[in-house]
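Inspection log for the structure reproduced underneath, given as structure tokens.
The values are calculated or read from the model by the stated rules, or taken from the named source; none is laboratory data. It should be emphasised that the depicted structure is a prediction, and the values quoted were computed from it without experimental measurement. Positions of Cβ are generated from backbone atoms using ideal geometry, with glycine treated the same way; all protein chains shown enter the neighbour counts. Side chains included, ligands, DNA and RNA excluded: accessible areas come from the protein's heavy atoms. Shrake-Rupley method; radii C 1.70, N 1.55, O 1.52, S 1.80 Å.
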Amino acid sequence: MNIGLADWRLPVSGRDAIYLAAEVGVEGIQLDLGGPGRSPWLDNPQTLKAISEALTETQVHLLAVSANVLNDIGLCAEPASSASREVRNIISRAIDTADTLGAGLVFFPSFRRSEITNQTELVRTAEVLHWACSQALQRGLLLATENVLNPDNLLKLIRMVNSANFRVVLDTGNPLKVGQSPLGVVKVAANLIAPQIHIKVMDENSPLTCSDQIILDVINSLNNKESFVSTLVLENDYRDGVISRLKSDICWLKKYAIRPSVTQNRCGGSELMQKYDG
């Protein structure tokens with residue numbers, strides 16, 4: 001497995017996040033589409049050019065594009081409403097951007113205003129995701145959801161979307177926050193889990209330690225089920241700029257999750273890291 005980062009959990013975004021990913025020695029990165037109160041829009045022509053140049057220069061692989069701004073709008077907005085039209089516009093922009101930049105995956109979170117809390121919201125979300133899957137399929141992209149549905153409702157959502165390119169972004173921390181286990185997701189959707197999973201713990205500002213056994217259990221379970229997961233994306237919160245903690249988490253994954261028989265790598269500093277550790 002490879003290791004990746006999510007730029008919305010870093011002290012920098014976009015092009016600068018790509019350079020930081022290269023600096024700390026990971027293979028890939030997920031980028032946020034951006035929006036009000038977030039990073040600049042990723043599909044701005046100048047931003048797209050800068051991103052493409054950074055990816056080429058660093059050889060960091062663009063893993064996915066996420067539209068986190070949907071959490072501010074409501075993926076399950078009432079059909080034909082202005083919010084619903086805005087949702088579809090954002091989805092189209094995210095798919096276009098992923099295609100332009102060469103990402104193989106685009107995904108949409110269901111938290112806050114997009115959280116699925118009842119049957120009506122489940123049906124509305126499935127309808128939007130089914131439409132989105134058809135748009136992504138035309139570009140040869142996988143499309144995924146990230147949510148905290150219990151296994152039964154997750155299975156319902158999968159069946160309602162009913163699309164060959166539909167996947168689930170597995171997160172090791174989010175289910176724990178609502179009293180569930182990420183192993184439940186593996187149990188019902190192992191063959192539909194996106195090739196990139198999010199690695200984090202309940203206290204997202206704490207470093208990974210051997211007490212975080214659930215992460216290793218999830219990876220072992222995925223291996224046993226011969227899933228297609230290829231990248232572990234760190235999604236703890238590093239926005240405070242303490243890159244030494246990010247570096248430590250990378251080392252932990254390399255020692256215990258990727259090459260468990262190899263002794264722990266030494267974690268050194270660098271000029272760029274010192275800039276953020278400040």
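Sorting C210, C76 by accessible area puts them as C210, C76; the probe is 1.4 Å, largest comes first, and only protein heavy atoms count. Charged side chains reduced to their Cβ positions (Lys and Arg at +1, Asp and Glu at -1) give the chain a dipole of some 380 debye around its Cα centre.
Where both bridge residues fall in the chain, DSSP classifies roughly 0% of the beta bridges as antiparallel.
When you filter the trypsin sites (Lys or Arg not before Pro) in region 187-237 for DSSP loop state and at most 15 other Cβ atoms inside 10 Å of their Cβ, you are left with K225. Between Q138 and K177, residue separation times 0.36 nm minus the direct Cα-Cα distance comes to 10.5 nm.
Based on protein heavy atoms only, the chain ends up with 44 Å² per residue of surface accessible to a 1.4 Å probe. Considering only L55, L157, W252, the residue lying farthest towards the positive end of the dipole of the chain is L157, judged by Cα position with unit charges set on Cβ. For the chain, a Gaussian network of Cα nodes joined below 10 Å ranks A50, A80, A190 by mean-square fluctuation, and the top entry is A80.
For the chain, a Gaussian network of Cα nodes joined below 10 Å ranks Q180, Q135, Q213 by mean-square fluctuation, and the top entry is Q213. For the residues L208, L234, L48, a GNM of the chain with alpha-carbon springs under 10 Å puts the largest fluctuation on L48. Distance between Cα centroids, region 90-136 to region 25-84: provide it in whole Å. Taking the Cα centre of each part, region 90-136 and region 25-84 sit 13 Å apart. Just the accessible area for S13, please: 1.4 Å probe, Å², rounded to the nearest 10? The accessible area comes out at roughly 40 Å². Here r is the Cβ-Cβ distance between M202 and R38 and R0 is 22 Å; the resulting FRET efficiency, rounded to 0.05, is 0.40. In plain terms, the chain is cut at each of the GluC sites (Glu not before Pro) found in a DSSP loop with at most 16 other Cβ atoms within 10 Å, and the longest leftover piece is 1-203.
Membrane-span-like helices in the chain, defined here as complete DSSP H runs extending at least 24 Å along the helix axis by their C-alpha atoms with mean Kyte-Doolittle hydropathy no lower than -0.5, are 82-101, 119-137; this is a sequence and geometry rule, not a statement about a membrane. Net charge in the neighbourhood of V201 (other residues with Cβ under 15 Å of its Cβ; Lys, Arg +1, Asp, Glu -1) is -4. Solvent exposure of D240, expressed as accessible area, is near 90 Å², computed with a probe of 1.4 Å over the protein chains only.
Within the set of other residues whose C-beta is less than 12 Å from the C-beta of V128, count the net charge using Lys and Arg as +1 and Asp and Glu as -1. The answer is -1.
In whole percent, what relative contact order does the chain give with Cα contacts below 8 Å and a gap of six or more residues? That works out to 17 percent. Dividing the mean sequence gap of close Cα pairs (under 8 Å, 6+ apart) by how many residues region 194-253 holds gives a relative contact order of 52 percent. Split the accessible area of the chain by element, probe 1.4 Å, and carbon with sulfur accounts for 47%. Mean separation of Cα pairs under 8 Å and 6 or more residues apart, divided by the residue count, gives region 17-141 a relative contact order of 26 percent.
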